[in-house]
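This report refers to the structure that appears directly beneath it.
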Amino acid sequence: MAKTIDAGELKKLAIADALIIGAERTLKELKRGTLAKVFLASNCATSVRESVQRYCTISKVPCDELSQDDTEIGVLCKKQFSISVVGVKKSK
């Protein structure tokens, strides 16, 4: 089931510098064990989705599919590009 992320929640995480943006960086941080949660855009590429979900399972990190597409997530993160994968850093 797709989840809708609250724009305020995503903005708060972005301001707190708690977001990892992009599939490659998210996968790297998953391998390091520094993420608490991962969000996938509704139109995320299948190969990327499978890789991220595999590493989330291995790392025991929750992976949520969002109802927003990559363009909407880019706007919520105040970026001028599409974002299909977002990771949330563990709080210290």
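The values are calculated or read from the model by the stated rules, or taken from the named source; none is laboratory data. Predicted model, so just to flag it, every value in this text is computed and none were measured. Neighbour counts run over all protein chains shown; Cβ positions are idealised from the backbone, glycine included. All accessible areas refer to the heavy atoms of the entire protein, side chains included, with ligands and DNA or RNA removed. Shrake-Rupley method; radii C 1.70, N 1.55, O 1.52, S 1.80 Å.
Applying the condition of being open to solvent by less than 80 Å² (accessible area, probe 1.4 Å) and small (G, A, S) to the range 65-92 and asking which residue is farthest from I21 (Cα to Cα) yields S67.
Look at the range 28-52: where a residue is without any contact (Cβ under 8 Å) to a residue 24 or more places away in the chain and a partner is open to solvent by less than 60 Å² (accessible area, probe 1.4 Å), sitting 6+ places away or on another chain with Cβ atoms under 8 Å, you get R49/L40.
Considering only residues that are open to solvent by 70 Å² or more (accessible area, probe 1.4 Å) and not β-branched (V, I, T), look in the range 46-60 and name the one that is farthest from L35 (Cα to Cα). It would help to see each step written out before you state the result.
Initially, the range 46-60 is screened for residues open to solvent by 70 Å² or more (accessible area, probe 1.4 Å), giving 46-47, 50, 54, 57-58, 60.
Filter once more, so that each one left must be not β-branched (V, I, T): 47, 50, 54, 60.
Details: S47: 20, E50: 17, R54: 14, K60: 10 Å.
Here the answer is S47.
Close contacts from the range 69-83, counting a first residue that is free of Cβ contacts under 8 Å to residues at least 24 places away in the same chain and a second that is part of a loop (DSSP other than H, G, I, E, B) and not β-branched (V, I, T), with Cβ to Cβ under 6 Å and a gap of 6+ residues or different chains, come to T71/S82; G74/F81; G74/S82.
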